[in-house]
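Undergrad: Take a look at the following structure, please.
The values are calculated or read from the model by the stated rules, or taken from the named source; none is laboratory data. On a predicted model such as this, the values are computed, not experimentally measured, just so you know. Cβ atoms come from the backbone with ideal geometry, glycine included; neighbour counts cover every protein chain shown.
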Amino acid sequence: MRRGIAASALVAALAVSMAACGSSGSTSNNGAPAAGASVDPAKVSGTVTWWDTSDAKAEAPTYQKVIADFQAKYPNVKVNYVNVPFDGAQNKIKNAFSTGTDAPDVIRSEVAWTPELASLHYLAPLDGTLALDKADDFLPNPVAATKYEGKTYAVPQVTDTMALFYNKKMFADAGIAKAPATIDELKADAAQIKAKTGKTGMYLRGDDAYWTLSFLYGEGGDLVDAGSKTVTVDNPAGVKAFKTMKDLVDSGAAKTSVTDGWANMMSSFQSGDTAMMINGPWALATVNKGGDAFADKANLGIAVVPAGSGGQGAPQGGHSYAVYAGSKNVPASELFVQYMASAEVQATLTKELGVLPTRKSVYAQPDVASIDSVKFFKDAVDKAHQRPWIPEGGTLFAPLVTEYTAMLSGKETPEQAAKNTGDAYRKNLGWK
Amino acid sequence: MAVDTTTSQPTATAAGGDTPARGPRRTAGTPGRLRLALGKHWYAWTLVAPVVIVIAVLVGYPLVQGLYLSTTDANDKNSEKQIGDFLHIPASYKNVGLSNYTDILFGAHTNFWARLGWTVTWTVSCVAVSFVIGLTLAIMLNRKVRGRSVYRTLLILPWAVPAFVSTFSWRFIMNNDRGFLNHALQALGLPTFDWLNDPTMAQISVVMVNVWLAFPFVMVAVLGGLQSIPGELYEAAEMDGANAWQQFWNITLPALRPISSTVILLSTIWTFNMFPVIFLLTNGGPGDETQLLVTAAYQKAFTGLRQFGESSAWGVLILLILVVFAVVYRRSLRKQGEVW
């Protein structure tokens, strides 16, 4: 037993050191996979494994239906659909890609992942392949996020930005005629809602740094300036944005929670406990499905995010299809991506899920253009604030969420939170 | 595992004259000590070989790899990649000596000491509270109570449910808007708490959940210990006029010492590295108020561009802390006359 104690101490602490054990498969073959620019789509065969990160309940069934159509059209290609929860998907993808073992052929890559994965050599360039069909038809903003060092590494699937969602009935009950256009108006409206109905004005999602961005852009700030390699999150505009968010909560205009933010925000908004939230089109499927205050779908109002003192803007997000550079079924994967990103499929997805297409021709279709959320978000997406499409984009949110929650919970002042975020960025990126 | 190699020499030499039939035949000259040991105890080595090999592969290899990585600047970018069957990118990280360690320990923006402070606070409070609760329950259950086996089964349940499942349930229970706990408090007219959103409250909450998960182990172990204390001791003490408290203090506690020291050591090590509770309940928040050393190391290793070198250094530091703790703890117990 004596020896056993030291050993069990070793084992107990080991889990941590194991976390760092990398791969060591080291067979090095030379030779390139056949690229498929001149492949006849009808003759392509193979198996395509697709890792989809969409909502397993609300969205996945529609994707599976679309895949069934694909297989009916191209019976030689078998599609293996795998739904991977979005949280943790990036790690899973990187682990699979770095060894090639059980790696997917096609992934749904969040816009910020594409440059990172491309910089790690994991993605196949798609210029001039089957995958990139009618490239001119795509909107310029989503396309910008698929490029890395001049090459195209992904094909836009959906695009999104954020907006102010509001409960029209609650606004009417409080005697408010229109959605707030600025944060000052939002605070005034929230006070009026509180006075008239006793409910809280807004739910501010407090556990996800992505929700800070529209406030940051509203003050004219940004996380970093990739052009001059400067950290900007803790400049005066950034500090002001942190103060604005804290003030919304302190003044009682908004409720927040730093754990379970998504579930709390959605249930609070859907049950009519709060009248507003900032959210993206990905929330539409849930809100429209979910009874309660929105049994009548017309009760949902969508408006541009409220402006701060230095501007108005919401981040551009979205997802793309990307092909693994080590895929054994490159032509089949490219064909699959081509189909999934086609105007026909995008129109289906928009009609069924309310997500925003990335092709101009889809927005031009009358039955798509008449959808309310599309009408609204089309403008918003064109004006969306581009994020820095740099490989390090993914490292920006971890320090920010730590400081954001520390500030909201009262542990740090807005000034400290902004400064600590900036310091962490400077350390991680090596920028000034 | 008492394979005694030190005494093998004289025995073997004595037996050298007439080699026993079952032993291997030896050639001329004095055989080496190792060979003798191998020859004499080959069966023992054969028997332990599978275990040794499995431990070497599962424990030794990652450990050595982790130690090595902690002296490099390995990250997502420069580590080895095998992309499909065709593209192999060799590792290009380089040795940086101990700079990962000096950055963690003395760097300008290091959060190591703050996290270590909280990890120690968390470990001490979790182990202390769960030990006291486990001990109390064990003593209560050691009496002849009606339905004792039902109580025992119920009390072991937290242990039987996988930690991540119960932690998730606690997260729902402690939700400040919709959670059961605040609804119940409200219904009783008591003040509600911001269980997971307030920095101090979140620290208390995570300790509460971990105590809930940890006390059954203490209870079961101590109950076993209690049942092995001979009843005569208590009878004799009663004859001498000892009251219940004196019996507890002078018989029960000393008799439980071998069990409780092991229990405390194990709980300390488990609690120190209790990843799921923190990760699933608060994910280290608000801010990094509830971030343990292990979850902080995880954050380094698995968010954004993953820093394998730096997080390995965190892992090695955690390992060193626990090894030092285990050695010191064992020493101090041995001084008190415990042998284990």
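Undergrad: Give the residues of segment B:74-115 that are over 19 Å from A:N91 (Cβ atoms), within 11 Å of chain A (Cβ to nearest Cβ), without any contact (Cβ under 8 Å) to a residue 12 or more places away in the chain and within 33 Å of the chain's Cα centre (by Cα), sorted by residue number.
TA: Listed by number, the residues that qualify are B:G107, B:A108, B:H109, B:T110.
Undergrad: Please work out which residue is nearest to the other protein chains (Cβ to nearest Cβ), limiting yourself to segment A:369-420 and to residues that are among the aliphatic types (A, V, I, L, M) and within 26 Å of A:S251 (Cβ to Cβ).
TA: Step by step, filter segment A:369-420, then rank; the result is A:A406.
Undergrad: Is it the case, given these coordinates, that A:A347 is within 22 Å of the chain's Cα centre (by Cα), under 25 Å from A:A58 (Cα atoms) and of a type in the set (G, A, S)?
TA: Criteria met by A:A347.
Undergrad: Counting just the residues of segment B:257-272 that are of a type outside the set (V, I, T) and surrounded by fewer than 22 Cβ atoms within 10 Å (Cβ to Cβ), which one comes out nearest to the chain's Cα centre (by Cα)?
TA: It comes out as B:W270.
Undergrad: Hey, another quick one. Looking at segment B:204-211, can you tell me whether even one residue there is modelled with pLDDT of 90 or more, away from chain A (no Cβ under 14 Å) and touching a Phe, Trp or Tyr at 6+ places or on another chain (Cβ under 7 Å)?
TA: Looking through segment B:204-211, at least one residue is modelled with pLDDT of 90 or more, away from chain A (no Cβ under 14 Å) and touching a Phe, Trp or Tyr at 6+ places or on another chain (Cβ under 7 Å).
Undergrad: What about A:S309, is it in a loop (DSSP other than H, G, I, E, B), surrounded by fewer than 24 Cβ atoms within 10 Å (Cβ to Cβ) and of a type in the set (S, T, Y)?
TA: Yes: the conditions hold for A:S309.
Undergrad: In segment A:228-281, what count of residues is obtained for those that are over 24 Å from the mean Cα position of the chain (by Cα) and on the phi > 0 side of the Ramachandran plot?
TA: 2
Undergrad: Please enumerate the residues belonging to segment B:158-173 that are within 30 Å of A:W262 (Cβ to Cβ) and either among the polar types (S, T, N, Q) or touching a residue at least 40 places away in the same chain (Cβ under 8 Å) (or both).
TA: Across segment B:158-173, the qualifying residues are B:P158, B:A163, B:F164, B:S166, B:T167, B:F168, B:S169, B:W170, B:R171.
Undergrad: Could you check, for segment A:72-84, whether at least one of its residues is within 19 Å of B:N78 (Cα to Cα) and either in contact with a Leu (Cβ under 9 Å, 6 or more places away or on another chain) or within 14 Å of another protein chain (Cβ to nearest Cβ) (or both)?
TA: No, segment A:72-84 contains no residue that is within 19 Å of B:N78 (Cα to Cα) and either in contact with a Leu (Cβ under 9 Å, 6 or more places away or on another chain) or within 14 Å of another protein chain (Cβ to nearest Cβ) (or both).
Undergrad: Then there is this: Do we have A:T146 as within 21 Å of A:A332 (Cα to Cα), of a type in the set (S, T, N, Q) and out of contact with any strand residue (DSSP E or B) (no Cβ under 7 Å at 6 or more places or on another chain) here?
TA: Spelling it out, it is not the case that A:T146 is within 21 Å of A:A332 (Cα to Cα), of a type in the set (S, T, N, Q) and out of contact with any strand residue (DSSP E or B) (no Cβ under 7 Å at 6 or more places or on another chain).
Undergrad: Then there's this: I'd like to verify a number: residues in segment A:115-147 that are in contact with a Pro (Cβ under 6 Å, 6 or more places away or on another chain) and either part of a strand (DSSP E or B) or over 13 Å from A:T358 (Cβ atoms) (or both), how many?
TA: 4
Undergrad: Identify, by number, the condition in (1) within 7 Å of chain A (Cβ to nearest Cβ); (2) more than 21 Å from B:V64 (Cα to Cα); (3) at pLDDT 85 or above; (4) surrounded by fewer than 22 Cβ atoms within 10 Å (Cβ to Cβ) that B:V328 doesn't meet.
TA: Condition (1) is where B:V328 drops out.
Undergrad: Here are A:T47, A:T62: which of them is under 23 Å from A:W113 (Cβ atoms), at pLDDT 60 or above and either more than 7 Å from every other protein chain (Cβ to nearest Cβ) or within 24 Å of the chain's Cα centre (by Cα) (or both)?
TA: A:T62
Undergrad: Do any helices (runs of 4 or more DSSP H) lying entirely in segment B:13-90 carry at least 3 residues that are modelled with pLDDT of 90 or more, loosely packed, with under 11 Cβ neighbours inside 10 Å and out of contact with any Pro (no Cβ under 6 Å at 6 or more places or on another chain), and which ones are they?
TA: It comes to B:42-55.
Undergrad: Filtering segment B:297-313 down to residues that are at the interface with chain A (Cβ under 7 Å from one of its Cβ atoms) and buried (at least 24 other Cβ atoms within 10 Å of the Cβ), which residue is farthest from the chain's Cα centre (by Cα)?
TA: Among those residues, the one meeting the criterion is B:F308.
Undergrad: A follow-up question, please. Which of the residues spanning segment A:65-123 are charged (D, E, K, R), surrounded by fewer than 19 Cβ atoms within 10 Å (Cβ to Cβ) and farther than 14 Å from A:L335 by Cα?
TA: If the condition is that a residue be charged (D, E, K, R), surrounded by fewer than 19 Cβ atoms within 10 Å (Cβ to Cβ) and farther than 14 Å from A:L335 by Cα, then A:K65, A:D87, A:K92, A:D102 are the ones that fit.
Undergrad: Something else: Of all the helices (runs of 4 or more DSSP H) wholly in segment A:179-253, which have at least 2 residues that are closer than 23 Å to A:T161 by Cβ and hydroxyl-bearing (S, T, Y)?
TA: A:213-218
Undergrad: Moving on to the next point. So, restricting to helices (runs of 4 or more DSSP H) that lie completely within segment B:187-302, which ones have at least 1 residues that are among the small types (G, A, S)?
TA: Filter on segment B:187-302 gives B:199-227, B:231-239, B:244-247, B:253-272, B:293-302.
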